[in-house]
Amino acid sequence: MAETVILLHGFAGTRHGWDLVAERLHPERYRPLALDLRGHGEARDERPITFAACVADVAAAAPERFVLCGYSLGGRVALHVALAHPQRVSRLVLVASTAGIDDPQLRAERREADDKLAADAERGTIEAFAERWMHQPLFAGTPPAAAAHWRADILRNDPAALAAVLRGLGAGAMDPLWDRLGELDGMPVTVIAGERDGRYAAIGRRLTGTLAGARLLLVPGAGHGLPREAPQAVAAAIATE
């Protein structure tokens, strides 16, 4: 029987952000199930937008046992799911993600920046938001084909809903989980980061140094947008047991 792989997208994406990865998973071994997180895609109107509500959504949609894979924001949600339901997660895959900002001052600064971005998003169009979001230094060097796929996915969203996501699920709004990672001892964990994504490669090293038995995969030549830049590498990491 095929193993279900729950796939959680990043901020301003939708479940379609996993299309390139899902089509590379062996259909006889894996059943990919990509979900729209609250405030995104077809779940844009779901409220409240909180980590607890997202955990409940994933728990309701998933079978009793499943592989769990999250990218960026989706990875932070995936950590919350794994901590809430460790007995149901057979393997955890974190793609370019983090356990949160543990410095209170930096977290407050990020919350302030997210609040400003949310206010700006509410006043603009989704096209303007896509332009602003995609041109952050974090995403520098995104290949043209990956950028086109990414932009099409962002445009499936509503800017007011994304503003609500920033306020409810933003990195500044999230209580860090670093002190709880020991609760996942015994769960197989793979952490993936792009070689060009220095910030998240460093976070990946910290995650694998904290999570007992976790392994880190650095994808050569890739940046932060791994599901669209290096879908075969992500699919291979999911399939490696």
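A viscosity of 1.306 mPa s and a temperature of 10 °C, combined with the Kirkwood radius over C-alpha pairs in the Stokes-Einstein formula, give segment 64-145 a diffusion coefficient of 104 µm²/s.
Around the Cα centre of the chain, unit charges on the Cβ atoms of Lys, Arg, Asp and Glu (plus for the first two, minus for the last two) sum to a dipole of about 280 debye.
Ordering H80, H224 by accessible surface, largest first, gives H80, H224; the 1.4 Å probe counts only protein heavy atoms, with every chain in place.
Segment 124-221: D in µm²/s via Stokes-Einstein (Kirkwood Rh, Cα pairs, 25 °C, 0.890 mPa s)? So the translational diffusion coefficient is about 154 µm²/s. With equal scatterers on the alpha carbons only and no solvent term, can you work out the Debye log10 of I(q)/I(0) for segment 196-241 at 0.30, 0.33 1/Å? Debye output, listed in q order: -1.15, -1.18. In the calculated pair-distance distribution of segment 57-202, the portion above 26 angstrom amounts to 32 percent of the Cα-Cα pairs.
Placing unit charges on the Cβ atoms only, positive for Lys and Arg and negative for Asp and Glu, gives segment 1-83 a dipole magnitude near 180 debye about its Cα centre.
A simple spin-label model places pseudo-atoms 7 Å from Cα toward Cβ; at D120 and R206 they are separated by 2.5 nm.
Of the two radii for segment 11-84, the radius of gyration is 0.95 times the Kirkwood radius, both from the alpha carbons; that is the Rg over Rh value.
Charged side chains reduced to their Cβ positions (Lys and Arg at +1, Asp and Glu at -1) give segment 193-241 a dipole of some 180 debye around its Cα centre. Computed over segment 100-166, the range of Cα coordinates on each principal axis works out to 38, 27, 15 Å, biggest value leading.
Annotation: extensible slack from R199 through A152 equals 14.3 nm (criterion: 0.36 nm per residue apart, minus Cα-Cα distance).
Stretch E28-A84 to full length: gain in nm at 0.36 nm per residue minus the Cα-Cα span?
Extra length available between E28 and A84 comes to 17.3 nm.
The values are calculated or read from the model by the stated rules, or taken from the named source; none is laboratory data. Remember, it's a predicted structure, so these values are computed and weren't measured experimentally. Reconstructed Cβ throughout: ideal geometry from the backbone, glycine too, with neighbour counts over all protein chains shown. Just so you know, the surface numbers come from the protein's heavy atoms only, side chains and all, with ligands and any DNA or RNA stripped out. Shrake-Rupley method; radii C 1.70, N 1.55, O 1.52, S 1.80 Å.
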